[in-house]
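None of the figures in this text is laboratory data; all of them are computed from the coordinates on show. The shown structure was predicted, so the numbers you read here are calculated from the model rather than taken from an experiment. Note that we place each Cβ from the backbone using ideal geometry, even for glycine, and neighbour counts take in every protein chain shown.
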Amino acid sequence: MKDVSKLILEDGAVQNRSIYWDQDIYEQELEHIFARAWLFLAHESQLPNTGDFLTTRMGEDNVIVARQADGSIKAFINSCPHRGNVVCHADSGNAKAFTCAYHGWAFGLGGELVTVPLEHDAYYNAIERPRYAMHPVAKVESYKGLVFGTFDAGAPSLRDYLGDMAWYMDTFLDVPGGIELLGPPMKSILNCNWKVPTENFIADGYHVGWAHAAALKAIESPLSPLVGNQAYDVNTGLQVTTRGGHGFGVIWDAAAAIHPVGEAYAQWLAQRTPIMRERLGDWRAKFYNGHWDASIFPNCSFLYGTNTWKLWQPMGPHHIEVWTWTLVEKDMPDELKQMMVATNMMTFGTAGMLETDDGENMEQCTGSNRGWVTRRGKLFSGMGQVREGHHPELPGIVAKGIVCETSNRGFYRRWAQFMSGKSWDELAREPGNAADKREVA
Ligand code: UNU
Ligand code: FES
Ligand code: FE
């Protein structure tokens with residue numbers, strides 16, 4: 001195991017650049033992060049009926065996620081236990097069984113081996129079927145419709161893993177009727193390390209007025225004052241690391257701000273807000289009207305408001321596959337849902353205006369570390385260290401303003417904890433920092 005103790009320094013504010021390039025570090029991420037953490041698999045709305053399935057990845061492991069006859073959801077590795085062939089090549093569908101194209105072994109919805117060609121004549125009926133079930137994902141759990149899985153049977157519950165992030169996410173998960181993720185997901189390849197987009201979504205309010213200046217102008221966004229960093233006021237939002245590596249930034253009253261035609265959505269929010277206030281109280285009614293950039297540790301991100309939902313699937317240290325869905329409330333009228341899909345495509349879809357702004361920067365941020373000397377250097381995210389602290393009413397470490405790097409540091413502190421191979425017991429206790437002693441108004 002590589003010594004990772006000096007890769008993240010100064011309370012998460014300094015990263016060694018090798019973590020974006022080094023193959024050995026990447027292999028250690030697959031082992032210590034992707035084979036242990038809860039990873040986003042699907043939303044329940046994608047698998048309404050018995051036999052509904054989809055294929056995805058956990059780290060670089062291909063998995064099938066399927067709705068069982070008893071209504072539960074199971075996941076298992078999409079590789080035939082006989083000689084290793086990929087069993088299911090479809091992105092999604094409905095099946096009674098999964099049959100391998102190589103020798104014809106067939107598996108039930110739970111991954112159990114159900115049919116073996118020539119079982120009598122060639123195996124003399126001596127094959128121990130349970131031994132050849134598809135490798136199960138140890139735990140699959142759902143939080144208000146969001147389905148996650150972990151390969152680690154010793155992992156805490158999904159609710160515990162999400163921690164205070166769940167309290168914040170209730171803002172949009174706890175809506176009457178619930179949410180759905182509309183797909184099929186747009187998929188594209190970016191030549192960047194998976195942490196670069198995760199840190200962008202978790203914390204990077206700094207780039208919005210700069211990297212997205214032209215796009216914000218083009219869509220005549222209410223965030224146009226940010227363009228070129230002409231006007232920025234720290235009182236217009238918050239940034240939070242919830243602990244557990246998750247975090248987000250929120251701009252008040254800006255949920256519909258990245259929609260070129262946002263009126264219908266603004267009306268929806270206005271009509272729903274009193275209901276949300278009733279359900280969740282004042283703070284989360286305020287969050288409900290905000291625009292969020294957020295990441296769930298390790299590789300799932302979203303922008304609430306723009307309603308883009310993203311998975312950054314790692315494919316080696318320098319490549320990812322980006323999967324993008326549109327998050328909508330189930331009770332929204334169809335017309336509004338279609339508008340949400342269209343604007344998500346226009347802004348954060350594969351060829352979306354803001355997506356391409358980010359993609360170029362993310363690829364260069366990764367690729368520059370190809371240089372042998374460059375790779376030995378450091379990167380810095382110390383912004384806002386002196387302005388973060390405890391909030392009297394909100395959980396996590398909170399800082400005023402979205403132009404801040406508080407949740408970036410929370411992410412890298414968590415990354416370092418996972419990478420040093422700590423037990424779940426140790427992971428449950430995060431080291432304190434200076435923010436523990438400071439109050440934020
Ligand atoms: O690009 C982003 N991550 C973003 C855009 C964040 C907040 C507002 C708009
Ligand atoms: Fe931030 Fe260059 S100014 S990466
Ligand atoms: Fe961006």
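The table below gives the values:
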{"read-out": "Residues SER142 and ARG277, FRET efficiency given R0 of 35 Å [Cβ-Cβ distance, rounded to 0.05]", "value": "0.85"}
{"read-out": "Under-5 Å amide H pairs with VAL147, H placed in peptide plane, nonlocal only", "value": "LEU41, ALA42, HIS43, GLU44"}
{"read-out": "Cα centroid separation - the stretch 355-371 against the stretch 1-60, whole Å", "value": "19"}
{"read-out": "Euclidean distance of C-alpha centroids, the stretch 157-179 and the stretch 422-441, integer Å", "value": "21"}
{"read-out": "Whole-Hz couplings from phi, Karplus 6.51/-1.76/1.60, listed for the stretch 44-60; x for Gly and Pro", "value": "3, 5, 7, 10, x, 10, 3, x, 5, 9, 9, 10, 8, 10, 10, x, 9"}
{"read-out": "HN-Hα J in Hz across the stretch 23-28 - Karplus 6.51, -1.76, 1.60, θ = phi - 60°, x for Gly and Pro", "value": "5, 5, 5, 4, 4, 5"}
{"read-out": "Coil-residue GluC sites (Glu not before Pro) of the stretch 319-420, DSSP, other Cβ within 10 Å capped at 15", "value": "GLU393"}
{"read-out": "Rounded if a/c under 1.5, otherwise prolate or oblate - the stretch 159-199, Cα gyration tensor axes", "value": "oblate"}
{"read-out": "Approximate shape of the stretch 57-99 as ellipsoid semi-axes (Cα gyration tensor, √5λ), whole Å, largest first", "value": "18, 12, 10"}
{"read-out": "Anisotropy class of the chain from Cα gyration tensor, a/c 1.5 cut", "value": "prolate"}
{"read-out": "Distant-in-sequence amide H partners of VAL63 (H built 1.01 Å from N, under 5 Å)", "value": "THR56, ARG57, MET58, ASN78"}
{"read-out": "Residue with peak Gaussian network fluctuation, the chain [Cα springs, cutoff 10 Å], from GLY93, GLY51, GLY247", "value": "GLY93"}
{"read-out": "Longest segment of the chain lacking trypsin sites (Lys or Arg not before Pro) that sit in a DSSP loop with at most 10 other Cβ atoms within 10 Å", "value": "84-428"}
{"read-out": "Cα gyration tensor shape of the stretch 337-409, rounded if a/c is under 1.5, else prolate or oblate by comparing a/b with b/c", "value": "oblate"}
{"read-out": "Karplus-derived 3J(HN,Hα), 6.51/-1.76/1.60, for each residue of the stretch 211-220, Hz, glycine and proline x", "value": "5, 9, 3, 5, 5, 4, 5, 4, 8, 6"}
{"read-out": "Length-normalised contact order of the chain in % [C-alpha pairs under 8 Å, at least 6 apart]", "value": "21"}
{"read-out": "Quarter of the Cα convex hull surface for the stretch 374-441, i.e. its orientation-mean projected area (nm²)", "value": "5.9"}
{"read-out": "Student exercise, the chain dipole from Lys, Arg, Asp, Glu Cβ charges, in Debye to nearest 20", "value": "600"}
{"read-out": "The stretch 224-282 and the stretch 188-209: distance between their alpha carbon centers, rounded to Å", "value": "19"}
{"read-out": "Residue-averaged 222 nm ellipticity for the chain, from DSSP H runs of 4+ at -39500 (n - 2.57), nearest 500", "value": "-7500 deg cm²/dmol"}
